[in-house]
Amino acid sequence: MRQPLPDFPWDALAPYAQKAREFAGGIIDLSQGTPVDSTPQIIQSALRESSDSPRYPVTAGTKELQDAIRNWAITHLGATGDFDVLPVIGSKELVAWLPTLLQSQSVIYPEVAYPTYLVGALLAQANPIAVGVDAATWPAADFAWVNSPGNPTGRVHSEVELRAALNWSRQNSATLVCDECYIDFGDTAQPTSLLKYTGGDNSNVLVVHSLSKRSSMAGYRGAFLIGDSKLIAQIREVRKHAGMMVPLPIQNAMVAALSDEMHVQEQRARYNSRRSILAPALQAAGFRIDDSVAGLYIWCTRSEDAWRSVDWLAQIGILATPGNFYGPLGASHIRVAMTATDLQINEAVKRIMKAIK
């Protein structure tokens, strides 16, 4: 019998969403990291041109997609040595099922983290272990997640911290997986990939990347793994049997997305501009901003129960996420997403400033 899953946390937010909807100007939803900016035309065109797709796609990905991911890993992430690549059906699906695919017995994950790390451990009937950043304090395990830039905090791991995690992996002969889905959205800190520090020895190392936020492709469900060739071969074999295949039109759209960096630079500028507008308003309202140096979110607190902060914002038509969704240590924080239009972000600032006058 599998371990019981936690309640789906966003259900608890529904009453506050309703309160925000009742505000005279309507709701501004800053609770979810779902992109609102248009998918670039180069990607849309690739999808349209691939719509005649009668054959089954290949689980391993087309040669064109494999080459695009491999070249991107070398030029963009600094990957060296032997490694393999594998497209997957969105990064959340991978996070949820990877411990099961690898038959992990104990899963380490960040103590303030995206809840699917815990869910994945429970689905695998593994022992979940929440830990701090310092890998020198981690217990023995056979699998560990690192998340940089972090969700919800926007924290970026330093080279020292990533190297310590690698040392832990090698000492324990454990799989180390770094979720780097927000790596292209540095702001006051520049994120780097775990692959940059392996010295070409990628054994037991995997990194996860997604095009959902990078290229506004959340609806496409296009993501990929890079790392240890033996681990990826094992994962690929299971996925073949389970029919886990990225549709061919999506694969071709992924190739287009990885071939162009201009749209990524533009999207990064949008998110960072929104942060620069919204953060001062939150600070004026008494919030202290912690971390939030990269990624899509502002992680902040007024040193009160997170639900009080959520309620205060809901009263002016703004919906944010309580930090306890991401673990007990987030109980006094909220996560505010920049995944809203510029017009909505500006309106949110106006509401906040009016409320504190």
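Where a number appears in this text, it was derived from the coordinates with a stated rule and is not lab data. In this text, all values refer to a predicted model and were calculated from it rather than measured experimentally. Don't worry about glycine lacking a Cβ; one is built from the backbone with ideal geometry, like all the others, and counts go over all protein chains shown.
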query = At GLN125 and THR75, where each label point lies 7 Å from the Cα along Cα→Cβ, what is the point-to-point distance in nanometres?
reply = 4.6 nm
ask   = Can you tell which of SER332, SER38, SER106 shows the greatest fluctuation in a Gaussian network model of the chain with Cα springs below 10 Å?
value = SER38
ask   = What's the long-distance tail for the chain, i.e. % of Cα pairs beyond 26 Å?
value = 50 percent
query = What 222 nm value per residue comes from the helices of the chain, counting each DSSP H run with n ≥ 4 as -39,500 (n - 2.57) and dividing by all residues, nearest 500 deg cm²/dmol?
reply = -11500 deg cm²/dmol
request  = With springs only between Cα atoms under 10 Å apart, run a GNM on the chain and tell me which of LYS213, LYS63, LYS196 wobbles the most.
outcome  = LYS63
ask   = Which lysines have a Cα lying under 16 Å from the Cα of LYS213, excluding residues fewer than 8 positions away in the same chain?
value = LYS92
task = Would you order MET353, MET262 from fewest to most other beta-carbon atoms within 10 Å of each residue's own beta-carbon?
result = MET262, MET353
ask   = What's the extension gain from ARG170 to ALA14 if we count 0.36 nm per residue and subtract their Cα-Cα distance?
value = 51.8 nm
key: Whether segment 96-248 is rounded, prolate or oblate, judged on the alpha carbon gyration tensor where a/c under 1.5 counts as rounded   = rounded
remark   = Footprinting proxy, PHE224, PHE23: sorted fewest to most Cβ within 10 Å, the residues are PHE23, PHE224
ask   = Residue separation times 0.36 nm, minus the C-alpha to C-alpha distance between GLN283 and THR34: what's the value?
value = 87.2 nm
key: Stretch gain in nm, segment SER303-LEU343, where the contour uses 0.36 nm per residue and the Cα spacing is subtracted   = 11.5 nm
query = How do LEU313, LEU162, LEU13 rank when sorted from fewest to most other Cβ atoms within 10 Å of their own Cβ?
reply = LEU13, LEU162, LEU313
message = Checking the cross-link filter: which aspartates and glutamates have an alpha carbon closer than 20 Å to that of LYS354, excluding same-chain neighbours under 8 positions apart?
response = GLU22, ASP29, ASP311, ASP342
message = Mean-square fluctuation check for the chain, GNM, Cα pairs under 10 Å: which of GLY81, GLY227, GLY327 is largest?
response = GLY81
